[in-house]
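The values are calculated or read from the model by the stated rules, or taken from the named source; none is laboratory data. Quick caveat: nothing in here was measured; it's all calculated off a predicted structure. When we count neighbours, we look across all protein chains shown, and the Cβ atoms used for this are built from the backbone with ideal geometry, even at glycine.
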Amino acid sequence: MKIVMLFLLPLFMFAKVHYAKVEPYETVVLKSAVSGLVLEADLEAEGSLVNDLRVIHIDDVLDKANLKDSQTSLLLFERMLEINREIAESLKESVKRQEGYYRRISKLTTASKTQKDNAYSTYTSAKTQYLSTKEKIVTLQKQIIDMKYRITQLEDMIQKKSIVLFNRYLYKLMVRTGDYVNPGTPLAEVHDMSKAKLVLFLEPEELKGVKRKTVYIDGRKTKYKVNKVWSVADEKFISSYRAEIYLPAPKEKFSQLLKVEIK
């Protein structure tokens, strides 16, 4: 029995050794959402952590001019709407008076047919003018809605033509000043280095209870755990399953190779 235990003990004591590179928590390739000429590509910012810095500027001169004109048009539409509302209120009172006059004169036997017809014509004309002004108000309201939407579109387009990074590592710019880009053109590779991760590829027999197991790094026991495990085998390592361990950002450089054991 003692001999059997000696042979079985290593199976429980030793775990498979993995080697993983310390990687940024997230890597993203930014792609253009608009078309235009690249006016500026800040090559000096490559390979550095940048914060609140525009690294790519796509031509937005016409968009800004269009935005300014659209904002002026919006103010004019709103002013026209205000004026027409005042006109409508005045016409509404006129319609009431003309209607009252017509109702009174139509009941008078002493009034001639011509007087009654003129009173009716004046009343209907005032009512038509009032309804026409109300229709114009509705048209102006629709134009204001359309103009506000246009302004929002232009503001969004202008914003998308300035690629500003906040606390991100600019690994690589994929365009240069003078390039013309279309929607979908890759612009830059950016890393989130606020924390780090280790990517492992585990065998099926390693997965059982893996999130509860202890992580050893370079032979030292740590408090880290396996944070995420893919349930579908990896496309490249077809018999293994991708797993990630999240770590604080290293004080020194990323990309160092670590020995990882899970047991």
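Being surrounded by 12 or more Cβ atoms within 10 Å (Cβ to Cβ), modelled with pLDDT of 90 or more, within 47 Å of the chain's Cα centre (by Cα) and assigned to a helix (DSSP H, G or I) is a condition met by no residue of segment 162-171. The residues of segment 172-193 that are buried (at least 18 other Cβ atoms within 10 Å of the Cβ) and more than 14 Å from VAL28 (Cα to Cα), listed by number, are VAL175, VAL181.
Here's a check for you: in segment 50-102, which residue that is basic (Lys, Arg) and part of a helix (DSSP H, G or I) is nearest to THR177 (Cα to Cα)? Let's see the steps before the verdict.
The initial filter retains those residues of segment 50-102 that are basic (Lys, Arg), namely 54, 64, 68, 79, 85, 92, 96-97.
Remaining after also requiring part of a helix (DSSP H, G or I): 64, 68, 79, 85, 92, 96-97.
Values: LYS64: 20, LYS68: 26, ARG79: 43, ARG85: 51, LYS92: 61, LYS96: 67, ARG97: 70 Å.
It comes out as LYS64.
Of the listed requirements (1) more than 15 Å from TYR25 (Cβ to Cβ); (2) modelled with pLDDT of 90 or more, ALA196 misses just one: (1). Consider TYR123 carefully, then state whether it is among the hydroxyl-bearing types (Ser, Thr, Tyr), touching a residue at least 24 places away in the same chain (Cβ under 8 Å) and either closer than 30 Å to PRO248 by Cα or not in a helix (DSSP H, G or I) (or both). Taking the combined requirement at face value, the residue does not satisfy it. Among all residues of segment 156-167, there is at least one that is acidic (Asp, Glu) and out of contact with any strand residue (DSSP E or B) (no Cβ under 8 Å at 6 or more places or on another chain).
The single condition among (1) touching a residue at least 12 places away in the same chain (Cβ under 8 Å); (2) among the hydrophobic types (A, V, I, L, M, F, W, C); (3) touching a Lys or Arg at 6+ places or on another chain (Cβ under 9 Å); (4) surrounded by fewer than 17 Cβ atoms within 10 Å (Cβ to Cβ) that LEU202 does not meet is (4).
Say whether the condition of being modelled with pLDDT of 95 or more, part of a helix (DSSP H, G or I), of a type outside the set (Ser, Thr, Tyr) and closer than 28 Å to LYS197 by Cα is met by at least one residue in segment 4-15. Looking through segment 4-15, none of the residues is modelled with pLDDT of 95 or more, part of a helix (DSSP H, G or I), of a type outside the set (Ser, Thr, Tyr) and closer than 28 Å to LYS197 by Cα.
I'd like to check something: does segment 202-210 contain any residue that is touching an Asp or Glu at 6+ places or on another chain (Cβ under 9 Å) and closer than 30 Å to LYS16 by Cα?
As a first pass, look at segment 202-210 and keep what is touching an Asp or Glu at 6+ places or on another chain (Cβ under 9 Å): none.
No, there is no match, as no residue in segment 202-210 is touching an Asp or Glu at 6+ places or on another chain (Cβ under 9 Å) and closer than 30 Å to LYS16 by Cα.
Hey, among the residues in segment 205-263 that are of a type in the set (Phe, Trp, Tyr) and under 38 Å from the mean Cα position of the chain (by Cα), which one's surrounded by the most Cβ atoms within 10 Å (Cβ to Cβ)? Going through the qualifying residues, I end up with TYR241. Being part of a strand (DSSP E or B), surrounded by 16 or more Cβ atoms within 10 Å (Cβ to Cβ) and out of contact with any Pro (no Cβ under 8 Å at 6 or more places or on another chain), is that true of even one residue in segment 150-161? No: segment 150-161 contains no residue that is part of a strand (DSSP E or B), surrounded by 16 or more Cβ atoms within 10 Å (Cβ to Cβ) and out of contact with any Pro (no Cβ under 8 Å at 6 or more places or on another chain). Out of segment 108-120, which residues are among the polar types (S, T, N, Q), in a helix (DSSP H, G or I) and loosely packed, with under 13 Cβ neighbours inside 10 Å? Once the filter is applied, which keeps residues that are among the polar types (S, T, N, Q), in a helix (DSSP H, G or I) and loosely packed, with under 13 Cβ neighbours inside 10 Å, segment 108-120 yields only THR114.
Are any of the residues in segment 133-142 in contact (Cβ under 8 Å) with a residue 12 or more places away in the chain, among the hydrophobic types (A, V, I, L, M, F, W, C), surrounded by 14 or more Cβ atoms within 10 Å (Cβ to Cβ) and assigned to a loop (DSSP other than H, G, I, E, B)? Looking for residues that are in contact (Cβ under 8 Å) with a residue 12 or more places away in the chain, among the hydrophobic types (A, V, I, L, M, F, W, C), surrounded by 14 or more Cβ atoms within 10 Å (Cβ to Cβ) and assigned to a loop (DSSP other than H, G, I, E, B), one finds none in segment 133-142, hence no.
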